[in-house]
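As structure tokens, the structure follows; a few thoughts come after it.
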Amino acid sequence: MKNSVIIPARSYLILILFFLITSGNVGGQDVSQDSPPLPENISKIVSASCMPCHSSGGGMLARTKLNFSEWQGYSPDKQKKKAGQMYKEIKKDAMPPEDAREANPDIIPTKEQVEIIKNWADSF
């Protein structure tokens, strides 16, 4: 064992980082250039009610669950899944969260907006 080569742990970390960067899958995001953007009517609702937290400028926890700044980078399957989850959270009044609703009641989607989101989520 005298001739064994010992590779420092730092080298393994560099190799892993290199692999992640070159594979295009950093952060577990699905990468797809063919995914559609948010429809205009959904984008308006999302901009007012969701983007303050669920965008690149939002909170870390919120944007790891759903980041509208990266919506077009999600695969169509991931978009479908996220749209369904989004509707479920809004329908049960879990989103926007209660503290955000109290601080800014204008961000609460109307019943009509919730119906628009439902129809959009069902359209996938």
Residues (part of a loop (DSSP other than H, G, I, E, B) and either of a type in the set (Phe, Trp, Tyr) or surrounded by fewer than 18 Cβ atoms within 10 Å (Cβ to Cβ) (or both)) located in region 38-50: Leu38, Pro39
Selection from region 61-111 of residues that are polar (S, T, N, Q) and not in a helix (DSSP H, G or I): Asn67, Ser75, Asn104, Thr110
Residue in region 76-99 that is without any contact (Cβ under 8 Å) to a residue 24 or more places away in the chain and of a type in the set (Ser, Thr, Tyr) present: no
Residue among Glu112, Glu70, Glu89, Glu98 that is surrounded by 13 or more Cβ atoms within 10 Å (Cβ to Cβ) and more than 19 Å from Pro37 (Cβ to Cβ): Glu89
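Just so you know, all these numbers are worked out from the coordinates, no wet-lab data involved. A quick note: this is a predicted structure, and the numbers were derived from the prediction, not measured. Positions of Cβ are backbone-derived with ideal geometry, glycine not excepted, and every protein chain shown enters the neighbour counts.
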